[in-house]
Amino acid sequence: MSDKILVVDDEAEIADLIEVYLSNENYTVFKFYSAKEALECIETTDLDLAVLDVMLPETDGFTLCRKIREEHTYPIIMLTAKDEETDKITGLTLGADDYVTKPFRPLELVARVKSQLRRYKKYNPVYSDEAEKEKDTLHHSGLVMKLNTHECFLNDKPLILTPTEFSILRILLENKGCVISAEDLFHKIWKDEYYSKSNNTITVHIRHLREKMNDTLSKPKYIKTIWGVGYKIDG
């Protein structure tokens, strides 16, 4: 069964082009030119990933992103205008996992879609063996991550994380006591070349994680910032 991908862009040529490239990779594409049309699809269809343009008529891509994150954790890729750093940070803050700047190469977008789906599926396999499930569980000071079901709990309460947030927290937990640089985090998650401006991406996700965990930068209980070096969770 093919993965179901939502594509929303009011520029018909771009939306149609994305549809062609994704369909060629055997994905099932749900294409819309406005957020209003897409909302019904979000509510009625079990999607695996969404590609959202920021600039949409009436309702923008940020609103769609926020709506998706109310109930779903599948990856979201935002399409942003060239050099609009504010749009990128806003999207990431609202729960987007990645962004692609217009104009873009269709093959680059396809690669990012594959990367996000691969990571999302990796952390969502279904296992029947309870011992295997327990082995794939990380614990730390009231924090429990179930890797096989992509669930996270803090003090027995569900912690709703995006795939990217889940990946960052997992990497830090699996390397407790060690400092992981923003560059290493970026490379482990996206497998892309790291540029200094990419540091904003990691910073935004870390900040979002802290907010969800009621953690603070000044007196962190979980994620500590080692200035000029990176991030860590004490062992």
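The values are calculated or read from the model by the stated rules, or taken from the named source; none is laboratory data. These numbers come from a predicted model, not from an experiment. Ideal geometry is used to build each Cβ from the backbone, glycine not excepted, and the neighbour counts take in all protein chains shown. Ligands, DNA and RNA are excluded from the accessible area calculation, which covers all protein heavy atoms including side chains. Shrake-Rupley method; radii C 1.70, N 1.55, O 1.52, S 1.80 Å.
Residue pairs whose Cβ atoms lie under 7 Å apart, sitting 6 or more positions apart in sequence or on different chains, and linking a residue in the stretch 206-219 that is in a loop (DSSP other than H, G, I, E, B) to a partner that is open to solvent by 100 Å² or more (accessible area, probe 1.4 Å), are Asp215/Lys221.
Would it be correct to say that Leu117 is out of contact with any helix residue (DSSP H, G or I) (no Cβ under 8 Å at 6 or more places or on another chain) and crowded, with 16+ Cβ neighbours inside 10 Å? Before you say what the answer is, go through the steps one by one.
Values: out of contact with any helix residue (DSSP H, G or I) (no Cβ under 8 Å at 6 or more places or on another chain): yes; crowded, with 16+ Cβ neighbours inside 10 Å: yes.
Here the answer is yes, as Leu117 does meet what is asked.
Mind checking which residues of the stretch 62-82 are more than 24 Å from Lys121 (Cα to Cα) and open to solvent by less than 40 Å² (accessible area, probe 1.4 Å)? I'd like the intermediate steps shown before the answer.
To start, the set of residues in the stretch 62-82 that are more than 24 Å from Lys121 (Cα to Cα) comprises 62-63, 80-82.
Selection gives Phe62, Thr80.
Looking at the stretch 20-33, which of its residues are surrounded by fewer than 20 Cβ atoms within 10 Å (Cβ to Cβ), under 21 Å from the mean Cα position of the chain (by Cα) and of a type in the set (Phe, Trp, Tyr)? Correct list: Phe30 only.
Rundown of residues vs (1) among the aromatic types (Phe, Trp, Tyr); (2) under 18 Å from Lys114 (Cα atoms); (3) open to solvent by 50 Å² or more (accessible area, probe 1.4 Å); (4) touching a residue at least 12 places away in the same chain (Cβ under 8 Å), yes/no style:
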| residue | (1), (2), (3), (4) |
| --- | --- |
| Ile5 | no, yes, no, yes |
| Leu17 | no, yes, yes, yes |
| Ala35 | no, no, no, yes |
| Leu49 | no, yes, no, yes |
| Met55 | no, no, yes, yes |
| Asp60 | no, no, yes, yes |
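At least 1 residues being in contact with a strand residue (DSSP E or B) (Cβ under 6 Å, 6 or more places away or on another chain) and farther than 22 Å from Ile202 by Cβ is the threshold, and among the helices (runs of 4 or more DSSP H) wholly inside the stretch 1-117 those reaching it are 12-24, 35-44, 61-69.
Applying the set (1) of a type outside the set (D, E, K, R); (2) modelled with pLDDT under 95; (3) assigned to a helix (DSSP H, G or I) to Leu169 leaves exactly one unmet item: (2).
Among the residues of the stretch 1-11, which ones are of a type outside the set (D, E, K, R) and at pLDDT below 95? Before the answer, list the steps.
Initial filter on the stretch 1-11 (of a type outside the set (D, E, K, R)): 1-2, 5-8.
Hits for the stretch 1-11 are Met1, Ser2.
The residue list Thr44, Thr80 contains one member that is under 17 Å from Val113 (Cβ atoms) and hydroxyl-bearing (Ser, Thr, Tyr), which is Thr80.
Considering (1) within 11 Å of His205 (Cβ to Cβ); (2) out of contact with any helix residue (DSSP H, G or I) (no Cβ under 9 Å at 6 or more places or on another chain); (3) aliphatic (A, V, I, L, M), the lone condition that Val144 does not fulfil carries the number (1). Of all residues in the stretch 204-221, exactly one satisfies the criterion of being in contact with a Ser or Thr (Cβ under 9 Å, 6 or more places away or on another chain) and modelled with pLDDT under 90, namely Leu217.
Conditions (1) under 25 Å from Asp98 (Cβ atoms); (2) at pLDDT 90 or above; (3) open to solvent by 20 Å² or more (accessible area, probe 1.4 Å), marked per residue:
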{"site": "Pro158", "(1), (2), (3)": "yes, yes, yes"}
{"site": "Leu173", "(1), (2), (3)": "yes, yes, no"}
{"site": "Ile180", "(1), (2), (3)": "yes, yes, no"}
{"site": "Trp190", "(1), (2), (3)": "yes, no, no"}
{"site": "Tyr195", "(1), (2), (3)": "yes, no, yes"}
{"site": "Ile223", "(1), (2), (3)": "yes, yes, no"}
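Filtering the stretch 140-152 to residues that are of a type outside the set (Val, Ile, Thr) and either closer than 19 Å to Asp234 by Cβ or surrounded by fewer than 15 Cβ atoms within 10 Å (Cβ to Cβ) (or both) leaves His140, Ser141, Gly142, Leu143, Met145, Cys152.
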